[in-house]
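Working notes, structure below.
The values are calculated or read from the model by the stated rules, or taken from the named source; none is laboratory data. Bear in mind the structure is a predicted one, so any value in this text is a computation, not a measurement. Every residue, glycine as well, gets a Cβ built from its backbone with ideal geometry; the counts of neighbours run over all protein chains shown.
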Amino acid sequence: MDTAVIRALRGRGYKATPQRIAVGRVILMSRDHPTAQAVYGEVKKIYPTVSLSTVYKTLKILKEVGLVQELNFPRDRTRFDSAIDPHINLVCLNCGRILDAENSGIQEIVDWVSEEENFAATGHRFDIYGICQSCSKGEPINRRSE
C-alpha cells in the first residue's frame, strides 16, 4: 500500500514525505468514504504538525493517479472512495452513510451504453439514494460502511 502511494507521488514529481504517505495509507485503508477533514484528523494523530492543505493536495494527487475517486454529493462535503473498481454507492439520505455494493454488471452496462450511443466513456459513477437498513429498521448494517 505504501509502495503504491510512494510510486504515485514520485511519478508526479512530488516528494514522498511521511505525512503524504500517511494520507495515502489512511485513505486506501478506509472503506467509509471519508471527507478530507476526517483523513486529516487521522493523520494528525500520527503527525501533529501535518496541515489540512497537505491532506487536500495529497488527495488531489491520489485522485489524479487513479488511487482514489472524489465523490461529490448534494448537501454534503466531498468524500473520497478508495474502491475504484466498478461498484454502486448506496447513499443514505438520513444519516449520510455510503455503502459499497459490488456488482460485476456495472461495467457491462457502461460498455453497452457507450456502444449504443457511440460514446467513449472515460469514467463512470453509479449512486443509489435511499434510506439504509440501520435508519429504516434500527438494525445493524452488515456491509462496508461509514
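Side notes on the structure shown:
- Where a residue in region 70-91 is among the small types (Gly, Ala, Ser) and its partner, wherever it lies, is surrounded by 17 or more Cβ atoms within 10 Å (Cβ to Cβ) and part of a loop (DSSP other than H, G, I, E, B), with Cβ under 7 Å and at least six apart: SER82/SER30; SER82/VAL68
- Of the residues in region 132-145, none is touching a Phe, Trp or Tyr at 6+ places or on another chain (Cβ under 8 Å) and closer than 28 Å to THR3 by Cα.
- Cβ-Cβ under 9 Å pairs, at least 6 apart or on other chains, region 108-128 side assigned by TED's automatic domain parsing to the domain that holds VAL65, far side in a loop (DSSP other than H, G, I, E, B): none
- Qualifying residue in region 38-50 (condition: touching a strand residue (DSSP E or B) at 6+ places or on another chain (Cβ under 6 Å), at pLDDT 90 or above and within 27 Å of ASP127 (Cα to Cα)): no
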